[in-house]
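Report on the structure given below.
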Amino acid sequence: MTLIGIATLQYNINNIPNMRLPDKYYKVIHQCGGYPLGIPVINDEAYVNRVLDTIDGLVIPGGGDVHPKFYNEPMTDLVMDVDETVDQFHINLILKALERKMPILAICRGHQVLNVALGGSLYQDLSLFNGNNVLLHDQTKIGIPYHETLHEVTFEDGSILTSLFGRKMHVNSFHHQAIKDLGKGLKTVAYTSDGVIEAVELEGRKDVISVQWHPERTENQIPLIKYFLNIVRERKE
């Protein structure tokens, strides 16, 4: 059995925090032959270690913005939906999973948290991006359904993503922040025509993949989910 831990989020109902995990994450893991397990947000070291002792691979999902204090910047009014408890929990999970050389798939917010966990920084909003930012990066603003794609990304030669999809691919997009300075050991392996970093890999590792889009939402991304599960199985064996 390949047990994939998926870090959860929190949201309030009647001012009481509740565990949140959109169903697309655990359904696509199950669809591809894995056994998903939601990981509640509990910032306790013994708990985190026990969870990582139990699972075979880790998924860090999408969600709200990372508090800028975690990359040493003051927060502007462009930042939305922060939850410092979730930020700290996801960062701890990532760092401890990396210490164990556990496979990680980071998605959207997870892509940004991975970068921050490794000492990188973010653009608090794409309006601050210093490149030629001409693309729309949030398809909800023009009503494109979540399961459809928005823009093209280009993959670097030699990357895992190129081996799966070729040099270019259309992906969905639901973000207003992006990676600014890369975290330690990360390398850019996908980008848009306006220069936004869309995917990174960890140097020397074939089992840490991080993408800005949502692969769990579109059928054309199933090969990435299957690759992740296969690499988890290989490590387990």
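The values are calculated or read from the model by the stated rules, or taken from the named source; none is laboratory data. What you see is a predicted model; the values in this text were computed from it and never measured. Glycine gets a Cβ as well: all are built from the backbone with ideal geometry, and neighbour counts include every protein chain shown.
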Inside segment 164-213, the number of residues satisfying the requirement of being assigned to a strand (DSSP E or B) and of a type outside the set (S, T, N, Q) is 21
Just to be sure before I move on: is GLY110 modelled with pLDDT of 95 or more, in a helix (DSSP H, G or I), within 23 Å of TYR227 (Cβ to Cβ) and of a type in the set (Gly, Ala, Ser) in the structure I sent?
yes
Going through segment 225-237 one residue at a time, which ones are touching a strand residue (DSSP E or B) at 6+ places or on another chain (Cβ under 7 Å) and under 15 Å from TYR25 (Cα atoms)?
PHE228
Under the condition of being in a helix (DSSP H, G or I) and of a type in the set (Ser, Thr, Tyr), which residue from segment 51-103 is farthest from VAL211 (Cα to Cα)?
THR54
Only residues that are crowded, with 22+ Cβ neighbours inside 10 Å and either more than 23 Å from VAL66 (Cβ to Cβ) or of a type in the set (Asp, Glu) (or both): list them for segment 179-220, please.
GLU198, GLU201, GLU216
Determine, yes or no, whether TYR25 is among the hydroxyl-bearing types (Ser, Thr, Tyr) and surrounded by fewer than 20 Cβ atoms within 10 Å (Cβ to Cβ).
no
State which residue is surrounded by the most Cβ atoms within 10 Å (Cβ to Cβ) when the search covers only segment 28-45 and only residues that are hydrophobic (A, V, I, L, M, F, W, C) and within 22 Å of ASN92 (Cα to Cα).
ILE39
Return a yes/no flag: does segment 64-87 have any residue that is of a type outside the set (Asp, Glu), exposed (fewer than 14 other Cβ atoms within 10 Å of the Cβ) and in contact with a Lys or Arg (Cβ under 9 Å, 6 or more places away or on another chain).
yes
Looking at LYS184 and the list (1) farther than 27 Å from PRO22 by Cα; (2) at pLDDT below 95, which single condition is not satisfied?
(2)
Counting only residues that are under 17 Å from ASP83 (Cβ atoms) and in a loop (DSSP other than H, G, I, E, B), which one in segment 15-43 is modelled with the lowest pLDDT?
ASN15
